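The values are calculated or read from the model by the stated rules, or taken from the named source; none is laboratory data. It should be emphasised that the depicted structure is a prediction, and the values quoted were computed from it without experimental measurement. In this analysis, Cβ positions are derived from the backbone assuming ideal geometry, glycine residues included, and neighbour counts consider all displayed protein chains. These area figures cover heavy atoms from the full protein model, side chains too; ligands, DNA and RNA do not enter into them. Shrake-Rupley method; radii C 1.70, N 1.55, O 1.52, S 1.80 Å.
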Amino acid sequence: MQNCVGQAVRGDNFWNRSDEIEEIWNKIDSGSHILLAAPRRVGKTSIMFYLKDKPKENYIVVYIDTESADNENEFWQKVFNALLEEEFINKLKSYSQTLWQKIKKIKIDKISTSGVEFGDGETLNYSEAFERLLKDIEKDKKIIIMLDEFAQTVENIVKYEDEISAEKFLKRHRALRQNSNLTTKVTFIYAGSIGLESVVSKLNGIKYINDLNTVKVRPLTNMDAKNFVDILAKSLKITLSEEVKDFLLEEIEWLIPFYIQLILQEIKNISRKNKNEIITNEIVKSAILNSLDYKNHFEHWRSKLKEALCVEEFKLAKEILNIISERNTIESLEILDIGTKFEIDNETTKDIVHSLEYDGYINNNDNPKIYRFNSPILKMWWYKNVAN
Ligand SMILES: Nc1ncnc2c1ncn2[C@@H]1O[C@H](COP(=O)(O)OP(=O)(O)O)[C@@H](O)[C@H]1O
Ligand SMILES: [Mg+2]
């Protein structure tokens, strides 16, 4: 296993997430459609790559990143293009030339909001086109369509078209999931680093996604994180004592693979420079400070918030996070007061706090009335680069 920092991992670099993966397969087997939920960088895409690379027998797994789709047409274009690249389509080709000829002629450029135009000029709506495409995959096979950054697509539709189009889009997805001709053939897995629930609730559209079965991707447990550190340290050729390892995990606190990899990489850099064999707590501290210089690893925490919220709401969210980054915690009452200062009503303020929680900035796990950062590293970055 190599220490990869940044891109979703694949193959040998994937640290086993057996609980999540088992839960996903159980839900697929029971016929559910899934919402894979976790803040950014927790490891959703890596899990989806794993499902794609190691599918269970009789499942065809398709991965599609829809983040860059700005409207429904572009979304479906991506989906149909991805499906047409799949191997099962090639198999179709070999046993049914006529059907293949038809499918091949799907005029992707003729995808409109009403449907997909087939080569013979006939237009089918998306679910009919799906049915057509999927009808002839082998009887005992089921296809899993994983849609990454789906909530971003919904947000793009709101931004570049309007809320009504976004609502229609969600409605159509629900209809597709409930289409009885498709249920035995397809499972949808929706994922994304901005909370689908918070995006959808702004549209009053929870009813369109409440049939989804949520699988949460959690940080690693302390024991799992320790084993992960051991394997990575070995591959980086650094040695950490038990005591330093404990200190490292305490400092990282929010034990997602990403932060562990980032800090170990910095520890390696320091020890290389110092030609120092022994890693101390001081080196761990310096490594954490050094990691804050990687703007591209952190800046999205600020920029995505700015994109998702309107001006006053962004100011509110920023002030909440500024205060927590300085004082470690904030009480919910004070948050409502800040909302009032920006002329934002309590309900909206609570929604914003909820999306900060959902998107992985803060939590109130210790006390429901007190919020703190999930990650002390993000807290330090925020304090240094946004609050001051
Ligand atoms: N299972 C894993 N094994 C090893 N590294 C992982 C794993 N999951 C996540 N990572 C690390 O975290 C980073 C973010 O992972 P990614 O799958 O892109 O998260 P997400 O899709 O939730 O934003 C990756 O660059 C990788 O360094
Ligand atoms: Mg991802």
Task: Under 17 Å from LYS202, Cα to Cα: lysines that are on another chain or at least 8 residues apart - done: LYS159, LYS168, LYS171, LYS304, LYS306, LYS350
TODO: Run the numbers on the chain and let me know its relative contact order in percent, using alpha-carbon pairs under 8 Å that are six or more apart.
DONE: 19
- [ ] Distance check, please: which entries in LYS315/LYS341; LYS245/LYS295; LYS237/LYS275; LYS54/LYS226; LYS139/LYS185 exceed 20 angstrom between their Cα atoms?
- [x] LYS245/LYS295; LYS54/LYS226
Task: Charge dipole (debye, nearest 20) of the chain; +1 at Cβ of Lys and Arg, -1 at Cβ of Asp and Glu - done: 1000
TODO: Take the Cα pairs of the chain, get the Kirkwood Rh, then feed it into Stokes-Einstein at 37 °C and 0.692 mPa s and tell me D in µm²/s.
DONE: 143
- [ ] Would you mind finding the longest exposed-site-free stretch of the chain, with exposed GluC sites (Glu not before Pro) meaning DSSP loop and at most 10 other Cβ atoms within 10 Å?
- [x] 58-276
Task: Distance in nm between pseudo-label sites at THR348 and GLU299 (7 Å out along the Cβ direction from Cα) - done: 2.9
Open item on the list: 5 Å is the cut-off here: which amide hydrogens, built 1.01 Å from N in the peptide plane, fall below it relative to VAL215, excluding neighbours closer than 5 in sequence?
Closed with: LEU35, LEU36, ALA37
Open item on the list: Relative to 2.2 N^0.38 Å, what does the C-alpha radius of gyration of the stretch 128-285 come to as a ratio? Two decimals please.
Closed with: 1.53
Task: Candidate residues THR184, THR280: accessible-area rank, largest first, probe 1.4 Å - done: THR184, THR280
- [ ] Using label points projected 7 Å from each Cα along Cα→Cβ, tell me how many nm separate ARG218 and MET1, to one decimal.
- [x] 1.8
Task: Distance in nm between pseudo-label sites at ASN73 and THR183 (7 Å out along the Cβ direction from Cα) - done: 3.4
Task: the chain - accessible surface per residue (Å², probe 1.4 Å) - done: 48
TODO: Keeping the other protein chains in place, figure out the carbon and sulfur percent of the accessible area of the chain, with a 1.4 Å probe.
DONE: 46
Task: Karplus-derived HN-Hα couplings along the stretch 328-335 (A = 6.51, B = -1.76, C = 1.60, θ = phi - 60°), whole Hz, x at Gly and Pro - done: 6, 9, 9, 8, 4, 4, 5, 4
